[in-house]
């Protein structure tokens, strides 16, 4: 309707090429004095947030339901803000269960001790979720080496599946149970 009114009551398909507007070619070559001067406008200055501003934002985010997205942008955070994963009391890592008094004990005694220790261990769903979120970045997380003990990770998965159950390699057991002892870092691996 509007198009018909603009085109003097005719539809755009009544006349051939009526929908094509008249196109005038711009003047590509102008004299320098005709070009004019275009000046870039300066961007408005933005005040840098202070530590107090950052703490206020993090504290307000901590009070909101759900995970606070602003906390992932700041490394240190503030004293008032505690990440949700650290609000949960984390269980002791399995690597702390080592008892020097049991070195050289026979298998039935070790099994009995293992059953008694296993019955004392309780890990809640919240603790599992907290450890998962803290170790999600793997080696870049400071909790990764601490809580990956007794896990079969991708780096030793093939060795674990190929080893004999009757003669388990002591080095493989140590690598699985105490991964921080086998952690290495050189310039080549960091690159």
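What translational diffusion coefficient, in µm²/s and rounded to a whole number, does the Stokes-Einstein relation yield for segment 86-148 at 20 °C and a viscosity of 1.002 mPa s, taking the hydrodynamic radius as the Kirkwood radius over Cα pairs? Walk me through the numbers on the way to the answer.
Details: Rh = 13.6 Å.
Stokes-Einstein gives a translational diffusion coefficient of 158 µm²/s.
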*asked:* Can you compute the modelled spin-label distance between residue 126 and residue 61, with each label point 7 Å from Cα toward Cβ, in nm?
replied: 2.2
*Round to the nearest 0.05 the FRET efficiency obtained for residue 109 and residue 47 when R0 = 45 Å and r is the Cβ-Cβ distance.*
0.10
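Computed from the coordinates by the stated procedures, all read-outs in this text should not be read as laboratory data. Owing to the predicted nature of the structure, the values given are computational and were not obtained by experimental measurement. So basically every Cβ, Gly included, is an ideal-geometry build from the backbone, and we count neighbours across all protein chains shown.
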